[in-house]
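Structure first, commentary second.
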Amino acid sequence: MTFIRDLINWKNNPYAEVSSKKMSAVIKDLSKGTTDKLEAFVFAEVLYRLFMEQSDSLNFIFSPAGEIILINPAVTRALGYEIRDLRRRLFMSFIHPDDLEETLEVFNNFRQGINYEPGFTNRYRKKDGLYIPLEWQASKPNPGSFFFGTAKIR
């Protein structure tokens, strides 16, 4: 089946593109009532890769403590870091010193579900040492769970 072939290709090339024709085939196959768990897993993987790896937004997955767990290729292009440079590092260690206090306040309120307004902007340090402004959107976290944040360069 098409989506099994896509998964195998992705294992060899994590940034392989999935055409809309292939994606339509996956959706069509699954919409026929296929319920196999492997197929459901592969379908979720296809959607994940389309969202994370082909997005122009800077996508991050954070631990409840604010550690960076995962980034997408747009982060690498914009900031110059590879995932190995960022994994398990606190995102606060990349914030401009003048933005630390406000960012910490926003982050703590966000984790508690208090007064979160999308569009918060702070400056983030690139690998070359320069800072760029990022405007953030984030999913509302469940207490103690991982959460997703996305940013655009402003």
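The values are calculated or read from the model by the stated rules, or taken from the named source; none is laboratory data. No experiment lies behind these values; they were computed from the predicted model shown. Every residue, glycine as well, gets a Cβ built from its backbone with ideal geometry; the counts of neighbours run over all protein chains shown.
Only residues in the stretch 50-62 that are assigned by TED's automatic domain parsing to the domain that holds residue 74 and farther than 23 Å from residue 110 by Cα count as the first member; pair them with residues that are charged (D, E, K, R) and modelled with pLDDT of 85 or more, Cβ under 7 angstrom, at least 6 apart or cross-chain, and list the lot.
Short answer, once both residue conditions are applied: none.
Can you tell me which of (1) under 29 Å from residue 47 (Cβ atoms); (2) without any contact (Cβ under 8 Å) to a residue 60 or more places away in the chain; (3) assigned to a loop (DSSP other than H, G, I, E, B) is the one residue 145 doesn't meet?
(2)
Being assigned by TED's automatic domain parsing to the domain that holds residue 65, closer than 13 Å to residue 63 by Cβ and under 19 Å from the mean Cα position of the chain (by Cα) narrows it down to one of 118, 141, so name that one.
Numbers: 118 fails: closer than 13 Å to residue 63 by Cβ.
Answer to the selection: 141.
On the basis of being in the same structural domain as residue 133 (by TED's automatic domain parsing), farther than 25 Å from residue 130 by Cβ and free of Cβ contacts under 8 Å to residues at least 40 places away in the same chain, does residue 65 make the cut?
yes
For the stretch 130-144, give me the residue count where each residue is surrounded by 10 or more Cβ atoms within 10 Å (Cβ to Cβ) and of a type in the set (Gly, Ala, Ser).
Matching residues across the stretch 130-144 total 2.
Going by the structure shown, is residue 130 farther than 18 Å from residue 58 by Cα, hydrophobic (A, V, I, L, M, F, W, C) and more than 17 Å from the chain's Cα centre (by Cα)?
So residue 130 does not fit the description; no.
Exactly one condition in (1) part of a helix (DSSP H, G or I); (2) in contact with a Ser or Thr (Cβ under 8 Å, 6 or more places away or on another chain); (3) within 28 Å of residue 49 (Cβ to Cβ) is not met by residue 75; state its number.
Here residue 75 meets the rest and fails (2).
What residue, of 153, 83, 68, is in contact with a Phe, Trp or Tyr (Cβ under 7 Å, 6 or more places away or on another chain) and surrounded by 12 or more Cβ atoms within 10 Å (Cβ to Cβ)? First the steps, then the outcome.
Details: 153 fails: in contact with a Phe, Trp or Tyr (Cβ under 7 Å, 6 or more places away or on another chain); 83 fails: in contact with a Phe, Trp or Tyr (Cβ under 7 Å, 6 or more places away or on another chain).
Exactly one of 153, 83, 68 is in contact with a Phe, Trp or Tyr (Cβ under 7 Å, 6 or more places away or on another chain) and surrounded by 12 or more Cβ atoms within 10 Å (Cβ to Cβ), namely 68.
Mind telling me which of the residues 107, 60 ends up being touching a Gly at 6+ places or on another chain (Cβ under 7 Å), surrounded by 15 or more Cβ atoms within 10 Å (Cβ to Cβ), part of a strand (DSSP E or B) and of a type in the set (Phe, Trp, Tyr)?
Working: 107 fails: part of a strand (DSSP E or B).
Exactly one of 107, 60 is touching a Gly at 6+ places or on another chain (Cβ under 7 Å), surrounded by 15 or more Cβ atoms within 10 Å (Cβ to Cβ), part of a strand (DSSP E or B) and of a type in the set (Phe, Trp, Tyr), namely 60.
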